Amino acid sequence: MIDNKRVVITGMGTINPLGDTLEDYYHNLIAGNSGIKKWKSIDLTEIECKLGGDLGAYDTKAALDNIREQLSEKLHKKLRKLFRTMTFSNKATTLTAIHAFLDAGLFEAETDPFRISVPVGGHNFNSKYILKNNHQFEEEP
């Protein structure tokens, strides 16, 4: 039986090599630009693949400060504090979710937290996390 429940997409956010705003991302896509280039932010000595979507130079602190005016002072302070201990991937994921909330106007709206979500796609694990879990699995599967 098919479930006919509907989903409404009210907001989107993105952080990728082509831009961290929907407008920049769209214009770079339409212009035919590629975000896949030679990695610059990591040591490639022992890595076969030398190409990828590099976000190594992306400044998450500056990105958070760029949207400061759109956030409450309380939320901005809380995020700045959280960012001190977050990994780069977690910061990028959080910023993407904030962009989606801003795009949807959800910070101003009264919403039921059980009726909203922010699906995030991408690589949200850092290399140390993956390596640590790989070693752990090898030792005790």
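Mind listing whichever residues of region 109-138 are modelled with pLDDT of 75 or more, under 23 Å from Leu22 (Cα atoms) and surrounded by 10 or more Cβ atoms within 10 Å (Cβ to Cβ)?
Ala109, Ile116, Ser117, Val118, Val120
Would you check if there is a residue in region 31-54 being more than 30 Å from Arg115 (Cβ to Cβ) and part of a helix (DSSP H, G or I)?
No, that holds for no residue.
Looking at Leu51 and the list (1) within 22 Å of Leu106 (Cβ to Cβ); (2) of a type in the set (A, V, I, L, M, F, W, C); (3) in contact with a strand residue (DSSP E or B) (Cβ under 9 Å, 6 or more places away or on another chain), which single condition is not satisfied?
The number of the failed condition is (1).
So if I check each of Asp65, Asp20, Asp54, which one is under 18 Å from Ala97 (Cβ atoms), of a type in the set (Asp, Glu) and buried (at least 16 other Cβ atoms within 10 Å of the Cβ)?
Details: Asp65 fails: buried (at least 16 other Cβ atoms within 10 Å of the Cβ); Asp54 fails: under 18 Å from Ala97 (Cβ atoms).
Only one candidate qualifies: Asp20.
Look through region 1-30, keep the residues that are outside any loop (DSSP other than H, G, I, E, B) and over 13 Å from the mean Cα position of the chain (by Cα), and return whichever of them is farthest from Lys91 (Cα to Cα).
That would be Ile30.
At pLDDT below 85, closer than 17 Å to Gly121 by Cβ and loosely packed, with under 12 Cβ neighbours inside 10 Å: is that true of Ile9 in this structure? Outline the logic, then answer.
Working: at pLDDT below 85: yes; closer than 17 Å to Gly121 by Cβ: yes; loosely packed, with under 12 Cβ neighbours inside 10 Å: yes.
Yes: the conditions hold for Ile9.
Report the residue count in region 8-67 for those that are touching a residue at least 24 places away in the same chain (Cβ under 8 Å) and of a type outside the set (Val, Ile, Thr).
13
The values are calculated or read from the model by the stated rules, or taken from the named source; none is laboratory data. Source: prediction; values computed, not measured. Reconstructed Cβ throughout: ideal geometry from the backbone, glycine too, with neighbour counts over all protein chains shown.
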